Structures are given as C-alpha cells and as structure tokens.
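> The following block contains the structure, expressed as structure tokens.
The values are calculated or read from the model by the stated rules, or taken from the named source; none is laboratory data. Just so we're clear, the structure is a prediction, and the values are computed from it rather than from any experiment. A quick note on method: Cβ atoms are made from the backbone with ideal geometry, for glycine too, and the neighbour counts reach across all protein chains shown. Surface areas here come from the heavy atoms of the whole protein model, side chains and all, with no ligands, DNA or RNA. Shrake-Rupley method; radii C 1.70, N 1.55, O 1.52, S 1.80 Å.
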Amino acid sequence: MSLLVVGLSHRSAPVSVLERAALGADAQVKLVQDTVAAEPATEAAVLATCNRIELYADVDKFHAGVAELSTLLAQHSGVGLDELTPYLYVHYEDRAVHHLFSVACGLDSMVVGEGQILGQIKDSLARAQELHSAGRLMNDLFQQGLRVGKRAHSETGIDRAGQSLVTFGLEQLAAGGNVQDWAKGKKALVIGAGSMSSLAAATLARAGVAEIVVANRTYDRAERLAQILNDADDTDVVARAVPMDAVPGELTRADVAVSCTGATGLVLTAEAVAAAVEGRTGEPVAEIDVPPAPKQPSAGAAAGLGNDDNCPLDLTAAQSGFSVMGEAAVAGMAAAELEQHAAWVDNGTVDIRETGRRTPESPEAQAELIGALAAAAARVGRIPERRRPEPVAGFARPAPALFLLDLAMPRDIDAAVHRLAGVRLVDIESLAEASADAPMAADVDQVRRIVSDEVAAFGAAQRAAHITPTVVALRTMAADVVAGEIARLDGRLPDLDERQRGEIRQAVHRVVDKLLHAPTVRVKQLAAEPGGAGYADALRTLFDLDPETVAAVSRAVDSTDEKDRPA
C-alpha cells in the first residue's frame, strides 16, 4: 500500500486561500484524470468540500508523488505552487488512512462531529468509480472510511459534540439565542438547490420559519425542493420556487437568506444587499465605521515594523504549534499576504523623522519590512489574514433587518456586507472563528480510539491482501506439480484401475496441502503485522515463483472485487 494524500483545509489555510483554490465539478474530474495519467499514481480520488480540498492517490514513489500531486493541485486550483505550498499538508500510508477516517468521523470538520462529510466522501468515491480511477485501494479506503464514520456516530455520542454546518450557522445568526424562537414566523430565501441548500431549507423548516422561497439556476430543481418541503409532514412551512432573476425582489421580502451555490463569482453583491434592505426599511443603508482595535505592539523581529495601525495582518493572532505530519500543515508566509502588507506600507504614513528609519517607499525599507515580517512568520507560524475589521468591545451594531448565511466556497455573498448597518452576515470565515471556541464532547476521545483501532485493522487487511496473490500462485504451482507427477505415474503404471488412481491422487494432494498449510497461514499472519510487506517477496524468492503469474492472480482478484462491489 502506498497511499498518499496532499491537501489543504480550514485547519491549514485561511479562508481567502481556500476560496481561491476551490474546485468546481468539472475541475475535480479533470484533476482526477490528470492524476491517474501522471507517472507516480495508479489510482486517485478528490475530496472537495466547502472547507477542504484533498487529493488521494496510490503512488509508487513518495517524493515524486508529493511533487506531482502538489503541482496538479496548484494547476487546477489556479493558485501558484509557491503560494499554495505553505498551506499544504501531506499524509502517507497509515497516516493517510488515519486522516481520512478522522475526516469521516467529523473529527477534522469545522464543526466537530458533523455528519454531512459522510455524504461528501460517498460522492467522492462515486465520482472516482465513474471515472475508473478507483482501484482496490481507493475503494477499500473510502468504503471503510464510510463504515468507520457510521460506527463512530452509532456507538458514541459524537453527535452531541457536533452538528451540521447549517445548524451551527443558524445559531450564529441567532447570536446565541434559541434558534426556534429566532426563526419562528420568519420568511426565508434559499439560494441554490444542492445538498447543502436542501439541508438548509429543511433545517429552516424544522426551526419554524413561515415561508421558504427556493431560487436556483435550474428552475426544475428549485421546484422539486419546494415540493418536498410542502409535502413534509413534520412542518407547516409554505415553500415555492422562483428563478434566479427573481432573487433581488425576494431578498427585499426575506428576513433571512441562505446561499450555497457552485457559482465562481458573487451571487449577492454588497450593493444588491444594501438595495434589498433599503427596499425593506425605506431608509438608505449606511456603512458602519468600526473604530480600530487598540494597537498591540508585535514582539521579536516584527517589533521594528513601525506603526501598525490598520495593518491588514494580525501579528498578535499568529498561531504556533503546527506539526509536519499533524492535523494542521506547517504554515508559512504566503505571497498574497506579503503583497497585502507591502500595499499597506506603500500607503502608510511612517515617517523617517518619527521612526529614525528609511522611508517605506525605498526598496531598502521594503526589503527590511518584509524580511522582518517573514522572520516573525518563521518563528510563530503562519500569520493569519485580517480580511475585515472586527468590532471592538463596547461597540454595538444596529439591530439587523436582514440575516444572511453564506455556506459557499468560494463565497456567494460579498464580504463587504459585513460593514452594512442592519445586516448580519455569517460566512465560512466567521464560522471558523466561532467554532474555534466550541466545546469538545467527551465522546471525541472514544471516537479517536475507534479511528486508531480501525486504522490498525485496515492496515493489517491491506498487508494480508498484498500477500494473497503470492500464496495463491504458490498453491497453483504446487497443484501443477502434483498434476504432472500423477500424469507421469499413469504412464509408468498403466495397469492401475480408477479407484487406485483416485486414492494415489488424494494421498499426494493431502501431503502437499499439509506441507503448505502451516507456512501459508503463518506467512499471512506475519504479513498482516507492521513491516510484514517483505514476506511476499521472500515467498516468491524461496519458491522461485513467476512474477507474472503472481501479477495475473492479483489482476483476477481485483476484477472479481470490482464485480462484487455495489453499483
């Protein structure tokens, strides 16, 4: 087994990078096809969600595989390799299995314990099967991952620790209040009719909204979702479908809107949202002039950066403790962040008379500033981007007239909406910030133990399966030897009757079976243990087995497995 995964997620990259690296359905298909066409990989699958992009492959060389998969991710995401690399993580063999099983259980999700990831893993496997890029390893891995995820949810209380991203988002919109009380009687607009939007619509209906309007580019899908909502027995919601061009008018009527589409551009601009609120309230919408947060000086190498008022980077929020093969990637300084900082310096007011340093416009000062920033990044890890002003303590926003939940990646709703008075926007970025403080359930430890046990079992099964073709080839060779000797005996003793020949044939087969039984059983047990991959090679060498015969058996086993798999 040479399983390799290269990816990035909300744990390793800021939302701005995930947003730019997001892959559409066509891009995912092309990525899988290009991966299996590459030299190091024989199988491949892509797991792409709103907060992760991961490429799984069966490779014959580790370093070549990492280089190839990283390059392919950069090419298909449109983010340069130099910029993407600091946010990538790499897991190999058992560690890669552990990662997928953890993901399937919801341990690596933004909302720990959420179950939506199981459907996304299932879709990823189905896509790989359809593209014929999933062989034995990918099929076994993803199917076992689904079983492990289901086991974790059925045997533990991980569901108490987590919830769907939709539910968590609605809780954030309700600002800590009861979601049912907040939602009761509201009019909701759901933009999109995919799995996440459907879940959002169903959750809103159960929460008690009075009306749900579904808008989608394909009107038939919107109409079908609306019909399902109307036919549900557990809610009294009234649902109807509208075309996408009706969204501006419906947004004026709505109290809450949830958007999750596959669009590559913005679905709701700040101007459109402002117009909707103005149409609802009859008053123009003002931008909130949020007071700047108190200045906090940076430490160490970054202390000489001068005045950091309005700096787009938050040095004080930098996280440390990243590990090379851990759940989060080794983080570094991204080119986009350096450019962002350089732009701030270019527009800054740092004066040499005040600081005693060179003016920021000079190349020397630029090099000094960026060098100091990079040094700080090397010391404390990736410096997260501050994409929008955060309100300071004691600053109250006006009561919202419109609630917006953006679950799309890349974003559907303009981030500038955060600055509009009378609007509360919750997006993937703010959900990530909120989930960092979410309490962990005690059942998480039990799930981790389940994952560890399942990883060990999966590795043993894969190693045992690796030696099976060799054992089959050995028994086939022994059967051929017995058949040859029986044929030669027939020629030497032609007077033997059929009963005598049968007795001799059975006796010889019993001898061979008894001689081979203990060694083959033991070699399977040894091969299943860690480090047991070499036993297959030893068996082939000791018995001078033809490698092509072993390969033919392996292909036959794979073909049989493929036929037995559910469609």
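> Rg and Dmax of the range 27-150, using alpha carbons, in Å: what are they?
According to the Cα coordinates of the range 27-150, Rg and Dmax are 13.6, 38 Å.
> For Val238, what residues show an amide H to amide H distance below 5 Å, using hydrogens built from the backbone and excluding near sequence neighbours?
The list, which skips near neighbours in sequence, is Glu211, Ile212.
> Could you work out what % of the accessible surface of the range 417-512 is carbon and sulfur, using a 1.4 angstrom probe and leaving DNA, RNA and ligands out of the count?
So the carbon and sulfur contribution to the accessible surface is 56 percent.
> Right, another one. Give the separation of the Cα centroids, the range 114-147 to the range 210-234, in Å.
Cα centroid to Cα centroid, the span is 29 Å.
> Per-residue counts of other Cβ atoms within 10 Å, averaged by peptide: what ranking do you get for 482-489, 5-12, highest first?
5-12, 482-489
> May I ask for the net charge around Ser198, where only other residues with Cβ less than 11 Å from the Cβ of Ser198 are counted and Lys, Arg are +1 while Asp, Glu are -1?
Every neighbour counted, the sum reads +2.
> Using 0.36 nm per residue, how much length does the chain from Gln525 to Asp544 gain when fully extended, once their Cα-Cα distance is taken away?
Result: 4.7 nm gained on full extension.
> So, in nm, how far is label Glu278 from label Thr252 when the simple model puts each one 7 Å beyond its Cα toward the Cβ?
1.2 nm
> What are the radius of gyration and Dmax of the range 58-102, computed over its Cα atoms and given in Å?
Cα radius of gyration and Dmax of the range 58-102 are 11.5, 30 Å respectively.
> Leaving out ligands, DNA and RNA, and with a 1.4 Å probe, what % of the accessible surface on the range 84-208 is carbon or sulfur?
Answer for the range 84-208: carbon and sulfur cover 47 percent of the accessible area.
> If packing is taken as the mean number of other Cβ atoms within 10 Å per residue, what is the order of 119-128, 509-518, 92-101, 225-234, highest first?
Most protected by this proxy first, the peptides run 92-101, 119-128, 225-234, 509-518.
> Shifting gears a bit: Computed FRET efficiency, Cβ-Cβ of Glu503 and Asp453, R0 30 Å: what is it to the nearest 0.05?
Result of the calculation: an efficiency of 0.05.
> So between Lys184 and Asp480, what do we pick up on full extension, going 0.36 nm a residue minus the alpha carbon distance?
Once the chain is fully extended between Lys184 and Asp480, it gains 98.9 nm.
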